[in-house]
Amino acid sequence: MNLPKNHFKHAILQGKQQFGLWSSIRDPAVSEMLAGCGYDWIVLDCEHSPRDVQEVLHGLHAMSAYPVEPVVRVKSLDVAEIKKMLDIGAKTILVPYIQNAEEARLAAAAVTYPPGGLRGVAGGTRANLFGAIPDYFDKARDEICLIVKIETREAMENLEEIVSTYGVDAIFVGPADLAASLGHPGNLKHPDVKAAIAETIRRVRDLGKPAGFLSPDAELLDLVFDAGSVFTAIDIDLTALRRIAVARLSEYHSRKQRSQEK
């Protein structure tokens, strides 16, 4: 059997816009439903949700019938955790809070087999279809996509070294932590934060790498599209659900009030 192609990786390396969705809801039925909505990629978030390795596996199973790339955001720069996610079949890994080139090199090593890296070798895993891909160990890295996340002032200062690190395929700009690092926690639309977001994306693109971003806010999305974001998550499942639920309730409260006023 041939190694499955990571269409998301090849698309962003070619500069083709890929629309994504952030998912914190751990139910595999939700993952399956979202996978059929037409997004190019969906993040299975482990950093800011209770999702664990087993739940990621359930999500990968649920999404496997659809032409969407699951992106696993691991909890931290943890070689052992990254190894587990790769072994269960994740092909795209998002590593949060990368601050410098040393951390970027460790992330790259974690997704690469020796002698070039640190990834542990297992002969029969879901990643190699339980041994059915005979040349998996030689070719695996071709289809693995490593995204590292820039979300602090320090990371911005070290951006060129991080972006230029061998094995880093793409850069994701994390707006919430970046805003906090710049002294504006919770205020993603502060002029300094918006300027930093746009500057970082432009610098990443100028250095020849794809840049990504997440926001459900139209103003910020316009900002990053103009700056050159190539893989862009345009909503979050939990906040989208709440937004729809609140709007629906508000609509019927208004209808009830109008009815009583007649």
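The values are calculated or read from the model by the stated rules, or taken from the named source; none is laboratory data. Just so you know, these numbers come straight off a predicted model, no measurement behind them. In this analysis, Cβ positions are derived from the backbone assuming ideal geometry, glycine residues included, and neighbour counts consider all displayed protein chains.
Here are some notes:
- Put simply, of Leu214, Leu241, Leu221 the only residue that is without any contact (Cβ under 8 Å) to a residue 60 or more places away in the chain and surrounded by 11 or more Cβ atoms within 10 Å (Cβ to Cβ) is Leu221.
- Residues of the range 18-35 satisfying the condition of being under 16 Å from Glu69 (Cβ atoms) and surrounded by fewer than 13 Cβ atoms within 10 Å (Cβ to Cβ): none
- When residues of the range 154-193 are limited to those that are in a loop (DSSP other than H, G, I, E, B) and hydrophobic (A, V, I, L, M, F, W, C), the one surrounded by the most Cβ atoms within 10 Å (Cβ to Cβ): Val168
- Qualifying residue in the range 233-256 (condition: modelled with pLDDT of 95 or more, hydrophobic (A, V, I, L, M, F, W, C), outside any helix (DSSP H, G or I) and in contact with a Lys or Arg (Cβ under 8 Å, 6 or more places away or on another chain)): no
- Matching residues in the range 34-52 - criterion: being more than 16 Å from Ser24 (Cβ to Cβ) and touching a Cys at 6+ places or on another chain (Cβ under 9 Å): none
- Some residue of the range 232-244 being under 20 Å from Leu159 (Cα atoms) and not aliphatic (A, V, I, L, M): yes
- Residue pairs whose Cβ atoms lie under 6 Å apart, sitting 6 or more positions apart in sequence or on different chains, and linking a residue in the range 40-53 that is surrounded by fewer than 16 Cβ atoms within 10 Å (Cβ to Cβ) to a partner that is at pLDDT below 95 and not in a loop (DSSP other than H, G, I, E, B), do not occur here.
- Checking Ala227, Ala198 one by one, the residue that is closer than 25 Å to Gly38 by Cα and in contact with a helix residue (DSSP H, G or I) (Cβ under 6 Å, 6 or more places away or on another chain) is Ala227 and no other.
- Filtered residue count, the range 81-129, keeping only those that are farther than 21 Å from Pro4 by Cβ and more than 15 Å from the chain's Cα centre (by Cα): 15
- Cross-chain or 6+ apart pairs with Cβ under 6 Å, the range 131-144 first and closer than 15 Å to Asp169 by Cβ and assigned to a loop (DSSP other than H, G, I, E, B), then modelled with pLDDT of 95 or more and not aromatic (Phe, Trp, Tyr): Ile144/Lys91; Ile144/Val111
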